[in-house]
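The structure appears right after this line, and notes come after that.
Every number in this text was worked out from the coordinates using simple rules, so none of it is lab data. If you're wondering where the values come from, they're calculated on a predicted model, not measured in any experiment. No Cβ is skipped: glycine too gets one built from the backbone with ideal geometry, and neighbour counts run over all protein chains shown.
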Amino acid sequence: MRHIKASLPSIAVIATLIAAWWAAVIATHSLIFPTPAAVVTGTWELIAKGTLWQHIAASLMRVAIGFGLAVCVAVPLGLWMGWVRAAYRTLNPIFQILRPISPIAWIPIAILWFGIGDVSPVYLIFISSVFPMVVQTVVGVHTIEKRYLRAAENFGVSRRTLFTRVVIPAVLPQIVVGMRIGLGVAWLVVVAAEMIALHSGLGYMIMDSRNAGNRYDLVVAGMIIIGLIGLSLDGLMRLLEGNRWVRWRYAH
Amino acid sequence: MPTKIEVRNLSKSYESDKGRLEVVENVSFTVREGEFVALVGPSGCGKTTLLNLIAGFVRPDNGTVIIDGTPHSKPDSRGILISQQGSVFPWLTVRENLMFGLNAHPPADHADIADRYAEIVGLKGFEDSFPHELSGGMLKRAELARALVVKPDILYMDEPFSALDALMSLRMRNELLRILAKERHTVILITHDVEEAIHLADRILVLSSRPTRIQTTFEVPFPRPRKLTSSASQELRMSILRELGVERDAIE
């Protein structure tokens, strides 16, 4: 009950926005911009045809592969760069230069290298989500409190134990934060990449709806679906934060 | 009793913006096996640095520490440091923390040994709890148990109970004495609390302000359990406070 009460204001805001949108379309007699009702019918049409699921599945699959690869690279690389000073000094400047480059700027190069297909968006997702995750992991290693490393040294444990029982668990909460950021970026990028060069996915669906007869009801439907899926992905990563392995970080 | 620790001419200084900062100056003393020695000094005098030098966490500029007749320069599990802030790993349960240092034992026994020590310090029933679920006093018990479980010869204690409230601090002192009566460890305790030193130690070394030197030594001849309110211990307390430069008016 309290939960429902707490979300009442935001529900009210959303309802107001939808009402304002509806009123504006009617007032301006717009022939192209859809009413909320048109968006709902458009969405229903996509569901009925079955194409919506195909586009969602295509986008999610690309994100899963690109993001998965990025995690596999970023976590070990971040741990290594965080732990070995020389590695940090050598690689950090390169990362700092590559990091601020928008993933969109990589699109021409991705097309040049991988052509128009599934590899390009996967590459773009990889390149855009790997940097935030490396950075977070490095920060995680660098901010392990000295007293814990000192205690580990005191007990004379092996390097292996030091890593598996101290370093990795200590950094895990930061890794999860990095993954949350990385997945958010990945979802932004897949849609942008699909708009340019593909034949499936939510980004493609949006561009295709516009090109094939100004179906702005489907454009808006696509946008809302992208937003909702992004929200769910973030919710999924939040679940990770409640995991027993990182919960200690958020206690107190 | 044979000599356990021999501290010979230890000196340490640090470079700072304002030039060389002498922290420890030519400190020498010996500790017998099973003896409890308290180092008492004003805050900021370099007590912690001195203890870190003895435990091997910091390298001295000059001097050596000899333990059991051999020079000692690196920390190991024969001497466990218990610090003021504590270093119980927040990502491990009490049992996992206690099992952390048990390399030498066959793995099958680890949990049993850990649980036995949890019981000794009064943490029975909390073996599966995470540190953030424990109170400050229980956290100290866990820290103590993790140190005891590896059967160290020496405990280095750096103001171990000063973050606790007065009542809990007193309770932990009694707990420590109870355990030490059973398992004879050699202890070096750093404290600024004269009463705590008189309660616990066999011998009290009063340190000067920075750079720290040993100013005076007091034997504590009282049998245990000690009455801190006895006139003899009050007399000793005042002598020590006088050594520390506390005004006569303030203590009488």
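A:Leu202 - would you say it is among the aliphatic types (A, V, I, L, M) and more than 13 Å from A:Thr51 (Cβ to Cβ)?
No; evaluated as a whole, the condition is false for this residue.
Restricting attention to helices (runs of 4 or more DSSP H) lying wholly within segment A:149-252, give those where 3 or more residues are away from every other protein chain (no Cβ under 14 Å) and either surrounded by 20 or more Cβ atoms within 10 Å (Cβ to Cβ) or not basic (Lys, Arg) (or both).
Here the list reads A:168-197, A:202-211, A:216-241.
Is there a residue being of a type in the set (A, V, I, L, M), free of Cβ contacts under 8 Å to residues at least 12 places away in the same chain and either assigned to a helix (DSSP H, G or I) or under 23 Å from A:Arg238 (Cα atoms) (or both) anywhere in segment A:118-139?
Yes: segment A:118-139 contains one or more residues that are of a type in the set (A, V, I, L, M), free of Cβ contacts under 8 Å to residues at least 12 places away in the same chain and either assigned to a helix (DSSP H, G or I) or under 23 Å from A:Arg238 (Cα atoms) (or both).
Return only the number of the condition from (1) closer than 30 Å to B:Met99 by Cβ; (2) of a type in the set (A, V, I, L, M, F, W, C); (3) in contact with a Gly (Cβ under 6 Å, 6 or more places away or on another chain) that A:Ile168 does not satisfy.
Just one mismatch for A:Ile168, condition (3).
Give, as residue ranges, the strands (runs of 3 or more DSSP E) completely inside segment B:3-83 that count at least 2 residues that are among the hydroxyl-bearing types (Ser, Thr, Tyr) and surrounded by fewer than 22 Cβ atoms within 10 Å (Cβ to Cβ).
Hits in segment B:3-83: B:3-16, B:19-32.
With on the phi < 0 side of the Ramachandran plot, in contact (Cβ under 8 Å) with a residue 12 or more places away in the chain, buried (at least 22 other Cβ atoms within 10 Å of the Cβ) and not in a loop (DSSP other than H, G, I, E, B) as the only criterion, which of B:Leu98, B:Leu139 stands out?
Residue meeting the stated conditions: B:Leu98.
Please find, within segment B:101-130, the residue that is farthest from the other protein chains (Cβ to nearest Cβ) out of those that are surrounded by fewer than 20 Cβ atoms within 10 Å (Cβ to Cβ) and among the small types (Gly, Ala, Ser).
Here the residue is B:Gly122.
Among the residues of segment A:23-49, write down those that are assigned to a helix (DSSP H, G or I) and more than 17 Å from A:Val219 (Cβ to Cβ).
Selection gives A:Ala23, A:Ile26, A:Ala27, A:Thr28, A:Ala48.
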